[in-house]
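Student: Just passing along the structure, written as structure tokens.
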Amino acid sequence: MAITVKSKEQIKIMKEGGRITAGALKAVLARVAVGVTTAELDKIAEEFIISSGGEPAFKRVPGYKFATCLNLNEGVVHGLPSKQKLKEGDILSVDLGTYYKGLNTDVSWTVYVGDENQALSSKLQFLEVGEKALWVAIDQCRIGKAVGDISAAMEKILRGAGYSPVETLVGHGVGEKLHEEPQIPCLASPYKGVELKEGMTLATEVIYTAGKPALKLLPDNWTFVTADDSLAGLFEHTVAVSPTGPIVLTAWKVI
């Protein structure tokens with residue numbers, strides 16, 4: 001298993017690319033509203049990334065034609081943008097990435113569509129727990145920790161709230177390739193995995209469901225949804241392991 005450790009110059013470039021990725025996510029989330037189509041949101045992301053000097057990373061994946069993956073409700077990952085309109089009460093997961101000066105960054109976030117004051121508390125709690133699991137997992141991205149520490153941290157939060165970490169999808173290393181080693185499962189195992197070292201860059205990703213963890217693939221051969229039609233959530237940041245602790249390279253809330 002070859003794990004790429006990034007130089008300080010590469011980390012600097014990924015910070016720049018991460019700002020583009022974060023800005024694209026922020027631009028998309030600002031336009032999330034009832035009646036907007038997922039295709040419209042995809043166009044916003046693509047235009048932002050290109051105008052900022054980057055390239056949509058997902059369009060570099062063979063056979064994939066979009067800048068984003070947009071998943072609604074039971075959609076877990078790889079949802080295709082379309083003419084489908086957002087409805088009041090939907091749960092929308094936005095996943096996107098930027099290829100910038102030879103390096104990738106990746107981010108995703110899940111939000112409620114519509115008036116949160118009218119939302120079912122169970123849906124808002126579902127989202128709050130997913131974001132909490134992400135930040136707890138990120139806190140484990142430290143020199144001397146192991147990949148399994150990241151996985152165990154997010155699993156504890158998710159299971160403690162009664163949710164299921166997805167067993168068949170993982171976070172991952174990120175850099176010259178969009179998906180690099182190591183894989184970062186959403187649940188722990190007896191094998192704690194590789195030790196984290198300075199310069200590792202990790203797409204730390206919480207993938208979970210409100211029901212059972214089993215998934216099914218739709219006929220489009222891209223979109224995975226929950227087998228029991230329960231809600232799914234996705235929270236992800238690109239994180240660099242540094243001597244001062246985790247550095248979030250895609251922190252969209254602070255730009």
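Student: Which value in deg cm²/dmol, rounded to the nearest 500, describes the helix-derived mean residue ellipticity at 222 nm for the chain, given -39,500 (n - 2.57) per DSSP H run of n ≥ 4 and division by the residue count?
Tutor: It lands at -9000 deg cm²/dmol.
Student: Multiplying the sequence separation of ASP229 and GLU47 by 0.36 nm and subtracting their Cα-Cα distance, what value in nm do you get?
Tutor: Length gained between ASP229 and GLU47: 62.3 nm.
Student: How about the stretch 185-223: which trypsin sites (Lys or Arg not before Pro) there are in a DSSP loop, with at most 16 other Cβ atoms within 10 Å of their Cβ?
Tutor: Those that pass, being in a loop and sparsely packed, are LYS192, LYS197.
Student: Next up: May I ask you to evaluate 6.51 cos²θ - 1.76 cosθ + 1.60, the Karplus curve with θ = phi - 60°, for each residue of the stretch 98-105 and list the ³J(HN,Hα) values in order in whole Hz, giving x for glycine and proline?
Tutor: Ordered by residue, 3J(HN,Hα) equals 10, 9, 9, 6, x, 9, 9, 10 Hz.
Student: Also, quick follow-up: Suppose every Lys and Arg Cβ carries +1 and every Asp and Glu Cβ carries -1, with no other charges. What dipole size does the chain come out with about its Cα centre, to the nearest 20 debye?
Tutor: Result for the chain is approximately 420 debye, rounded to the nearest 20.
Student: Among VAL241, TRP135, PRO185, whose Cα sits farthest toward the positive end of the charge dipole of the chain (+1 at Cβ of Lys/Arg, -1 at Cβ of Asp/Glu, about the Cα centre)?
Tutor: Farthest towards the positive end: VAL241.
Student: Can you give me the relative contact order of the chain as a percent, contacts being Cα pairs under 8 Å and 6 or more apart?
Tutor: Dividing the mean separation by the residue count of the chain yields 23 percent.
Student: Just to be sure I understand, if you calculate percent of Cα pairs over 22 Å apart for this structure, which of (1) 62; (2) 51; (3) 59 do you get?
Tutor: (2)
Student: Could you point to the residue in MET200, PHE66, LEU231 farthest towards the positive end of the stretch 8-254's charge dipole, with +1 and -1 charges on the Cβ of Lys/Arg and Asp/Glu respectively?
Tutor: Projecting each Cα onto the dipole axis, the largest value belongs to MET200.
Student: Please list 3J(HN,Hα) in residue order for the stretch 15-27, calculated via the Karplus relation 6.51 cos²θ - 1.76 cosθ + 1.60 where θ = phi - 60°; whole Hz, with x for glycine and proline.
Tutor: 5, 5, x, x, 5, 5, 4, 5, x, 5, 4, 4, 5
Student: How many nm separate the modelled label positions at GLN183 and ARG159, each set 7 Å beyond the Cα in the direction of the Cβ?
Tutor: Roughly 1.9 nm, to one decimal.
Student: Counting other Cβ atoms within 10 Å, keep those with at most 16, restrict to DSSP loop, and tell me which trypsin sites (Lys or Arg not before Pro) in the stretch 1-48 are left.
Tutor: Here the trypsin sites (Lys or Arg not before Pro) that fit, given the DSSP loop and packing criteria, are ARG31.
Student: Could you list which residues have their amide H under 5 Å from that of LEU249, counting only those 5 or more apart in sequence or on another chain, with H placed in the peptide plane?
Tutor: Here THR238, VAL239, ALA240 satisfy the definition.
Readers should treat all values here as calculations from the given coordinates under stated rules, not as data from a laboratory. Source: prediction; values computed, not measured. Positions of Cβ are generated from backbone atoms using ideal geometry, with glycine treated the same way; all protein chains shown enter the neighbour counts.
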